[in-house]
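Notes for the one structure printed next.
The values are calculated or read from the model by the stated rules, or taken from the named source; none is laboratory data. All of these numbers come straight from a predicted model, not from anything done at the bench. All Cβ positions, glycine included, derive from the backbone under ideal geometry; neighbour counts span all protein chains shown.
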Amino acid sequence: MENYFIPDPLKINDSFSDNIFCHFDSVINNKKNHRFILSVSGGSDSILLLFLFIKYFKGNSDRLIICHINHHLRHDSDIDETFVSILGEKFNIKTYNKNLNPNDLPKGVSIEAWARESRYDYLNNIMTKTSADWIVTAHHANDQAETILMNISEKTGLFGLGGMKEINNKIIRPLLPFTKDYLMRIIEKYSIPYVIDSSNSNINYKRNFIRNVIIKPWQKNNLNLIEAITIAGNNFQEWQESILYFIKDFIVKNSLENEDGSFIIEKKELKKLPKLARVFVFQVLTNSIGKLRKHEIENIKFFFDKDIIGNKYLTKNKYIILNDRKVFIVKKNKYRIKKYIELTVGDKCKFYGYHYSINNFSKVPFFSNNPDDEYIDQNKVLNKKLVLRLWKSGDRFKPLGMSGSQKISDFLINNKINYFEKNSQVVLTADDKIIWLCGYRIDDSVKINSNTKSIIRINRILNSHL
């Protein structure tokens, strides 16, 4: 610690910092009782962020958590980690350090993308571990300009042109309106120490190339370049909000949300929209606004244009879009869990979204058309092992009233059951023989007849109806 002169953050008091604190009031004032994870690299921007937050919270370290990620992309990166740990100890702020291994870089993924994703994964893990409320990063206006130009170089669409948002889910970027030069004035005035990242001059990294080869020479002819690009980004963000307003209004008026969380949209209504607007609809429904690359957007357009019934499109964040005759169905893809539940008469259980019960029934049953409420001959299943499970390929049963057996798959297809419902279809078996295709038909072998002496009632109720 003796190698660093560390000034007192509480002594920061000037017009430049006052402007930042006024902005903090508009961004985080109503969150003062929350806890904040500060992403601190050791560089000038994140160290200033740390000092400003200490000042803003009047030295109350209980509200703050420091996170440092050592990517080990430089031979001297341990210096950064040590420096950040010293500051955490000095200011009595809980500090978490994470060491990454560049050898874990997946094939085909850029170092920058790997570092960014690994960093946010760790920050989110710490937020869960500490029950913190927000992740705070030190991105500023120059970073925003670089991000927008990077997105343009990658053939971005409307959402990429807007750049980073100041508040996005649980991430806050409170320095985003301020330029690097503006922030450096505060750092230099108070001699705030920081570590210089030698890799910032390496133009093999795309962001460094844009910063050093494109923006800096350009600024010589346009002193207001950063401001101009960030204002353009803000304008695009307003366009985004306006378009999303109408897209969400379309969804409210033209879609149906099922009890299982899936959405149904009629094709004829969707086809009235421009092609890109159709993509926006599904980006909203699949929680992927601003997360799709150009080729992914083109793939979704092609999926709609091809319009083949039964086709499915799986998004990166595990949603499925199903082309189902006159509608499209959108649902979060939940992998089938390979499990089963054994039952005996008198039992109740929960299984794949339903409450099941199986009971003796002493009265003469009142037969209804409710396929979730069935009555069977108890003697036909006496002393047999009853099991609820998902149907599987090759399963057969003899539907009530039919003379021959039928594959479960054929029954579901003939009844036009969509992919999502098929994927979670449950059957009840007795010694491995299917006696109920739950919600549709019992097997003919367990039906009640004139010789029936005792009856079992099998019933299921959707969870949301309880």
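Residue-by-condition table, conditions (1) out of contact with any strand residue (DSSP E or B) (no Cβ under 9 Å at 6 or more places or on another chain); (2) closer than 29 Å to Phe53 by Cα:
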position	(1), (2)
Lys165	no, yes
Leu183	yes, yes
Ile192	yes, yes
Ile196	yes, yes
Ser199	yes, yes
Asn204	yes, no
Arg207	yes, yes
Val213	yes, no
Leu223	yes, no
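Of all residues in the range 32-64, those that are β-branched (Val, Ile, Thr) and more than 20 Å from Thr130 (Cβ to Cβ) total 1. No other residue among Phe397, Phe411, Phe420 is modelled with pLDDT of 95 or more, crowded, with 17+ Cβ neighbours inside 10 Å and either hydrophobic (A, V, I, L, M, F, W, C) or outside the structural domain of Leu314 (by TED's automatic domain parsing) (or both) apart from Phe397.
Flag set for Asp25, criterion: assigned by TED's automatic domain parsing to the domain that holds Pro174 and surrounded by fewer than 17 Cβ atoms within 10 Å (Cβ to Cβ). For the range 426-440, the set of residues classified as under 34 Å from the mean Cα position of the chain (by Cα) and not in a strand (DSSP E or B) consists of Cys438, Gly439, listed by residue number. Set side by side, the residues Ile251, Ile229, Ile243 differ, and just one is modelled with pLDDT of 95 or more, surrounded by 12 or more Cβ atoms within 10 Å (Cβ to Cβ) and not polar (S, T, N, Q), which is Ile229. Might you let me know whether the range 24-31 holds any residue that is of a type in the set (S, T, N, Q), modelled with pLDDT of 95 or more, out of contact with any Ser or Thr (no Cβ under 9 Å at 6 or more places or on another chain) and not in a loop (DSSP other than H, G, I, E, B)? No. Taking every residue in the range 449-463 that is of a type in the set (S, T, N, Q) and pairing it with any residue that is surrounded by 12 or more Cβ atoms within 10 Å (Cβ to Cβ) and in a strand (DSSP E or B), at least 6 positions away or on another chain, the pairs with Cβ-Cβ distances below 7 Å are Thr452/Asp377; Asn459/Ser357; Asn459/Asp373; Asn463/Tyr354; Asn463/His355.
Of the residues making up the range 400-423, not a single one is assigned to a strand (DSSP E or B), in contact with a Leu (Cβ under 9 Å, 6 or more places away or on another chain) and either among the acidic types (Asp, Glu) or touching a residue at least 40 places away in the same chain (Cβ under 8 Å) (or both). Of all residue pairs spaced 6 or more apart or on separate chains, those with beta-carbon atoms under 6 Å, a first member in the range 132-160 that is in contact (Cβ under 8 Å) with a residue 60 or more places away in the chain and not assigned by TED's automatic domain parsing to the domain that holds Arg293 and a second member that is assigned to a strand (DSSP E or B) and small (Gly, Ala, Ser) are Thr137/Ser39. Taking the range 98-166 as the region of interest, the helices (runs of 4 or more DSSP H) fully inside it that hold 3 or more residues being basic (Lys, Arg) are 111-130.
Exactly one residue out of Lys271, Lys248, Lys253 is in the same structural domain as Leu322 (by TED's automatic domain parsing) and of a type in the set (Lys, Arg), and it is Lys271.
Taking residues in the range 210-235 that are within 17 Å of His140 (Cβ to Cβ), and partners anywhere that are surrounded by fewer than 16 Cβ atoms within 10 Å (Cβ to Cβ), the pairs with Cβ atoms closer than 8 Å and at least 6 places apart or on different chains are Ile210/Ser153; Arg211/Asn200; Asn212/Ser201; Asn212/Ile203; Leu225/Trp218; Leu225/Gln219; Ile226/Gln219; Ala228/Asn222.
One residue alone among Ile69, Ile47, Ile65 is in the same structural domain as Lys98 (by TED's automatic domain parsing), out of contact with any strand residue (DSSP E or B) (no Cβ under 8 Å at 6 or more places or on another chain) and surrounded by 14 or more Cβ atoms within 10 Å (Cβ to Cβ), and that residue is Ile47. Taking the range 152-178 as the range and being basic (Lys, Arg) and under 26 Å from Asn125 (Cα atoms) as the test, the residues that pass are Lys165, Lys170, Arg173. Taking every residue in the range 429-447 that is in the same structural domain as Ile417 (by TED's automatic domain parsing) and pairing it with any residue that is surrounded by fewer than 22 Cβ atoms within 10 Å (Cβ to Cβ) and acidic (Asp, Glu), at least 6 positions away or on another chain, the pairs with Cβ-Cβ distances below 7 Å are Ile434/Asp395; Gly439/Asp372; Val446/Asp377; Lys447/Asp377. The residues listed here are Ile243, Ile300; of these, the one that is β-branched (Val, Ile, Thr) and in the same structural domain as Asn317 (by TED's automatic domain parsing) is Ile300.
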